[in-house]
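The values are calculated or read from the model by the stated rules, or taken from the named source; none is laboratory data. Treat the numbers as computed from the prediction; the structure is a model and nothing was measured. Here Cβ is always computed from backbone atoms with ideal geometry, including for glycine, and neighbour counts include all displayed protein chains.
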Amino acid sequence: MTKPYGFFSFEKHRLRAAVYKGAALYVPPREIHHADTMDTAFADRYGSPEWMAANILRFPAKWARQTGVRDSITVHNRTRGTLRSVRIGTAQDLFFLSDLAAGDELELESTARTRTDINWFNVVVERGSETSPPRESGCFSLSGGRKAEYDFLITLSTNRVEFAERRGSSRPCE
């Protein structure tokens, strides 16, 4: 960190990733994480990647986890086509989904929160040849206590991304 003219200067660190199918580039390099001097670095925030299925890669939270409690995220593709890639960031985990066919509904197991009563989502969808995918965010205030389990629904439509919590023990942030 430098201090020119009496002010602090903050550096940004950006992590980019590309997806290949065999030797062919499938999704061009995209920013998947950024941090400045006040944020947690990627390697400090996430543990080793886990393949949940052939088309689902998860980077789980690295910090302490509750045992016996889990959250789930259901992702529903309501578009008319296959989504090349979907990136879902939560307050805990990071997921990469590829080749999500029209009508597909996938359930993802997510790390339950241990330190906060808020969960947020950041979703980036790659629809094929588009070079600047839409980005949507959702936030929930969790009112069920530390032992509560939450079931979130992310619906991907042609023009938008919608967020809901199925059990009703949370509400959207204001």
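Tabulated values for the structure
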read-out: Region 90-99: number of residues that are part of a strand (DSSP E or B), modelled with pLDDT under 90 and under 18 Å from Ala164 (Cβ atoms); value: 1
read-out: Phe42 being at pLDDT below 85, among the aromatic types (Phe, Trp, Tyr) and at negative phi; value: yes
read-out: Residues being small (Gly, Ala, Ser), farther than 18 Å from Arg166 by Cβ and part of a strand (DSSP E or B) - total across region 66-89; value: 2
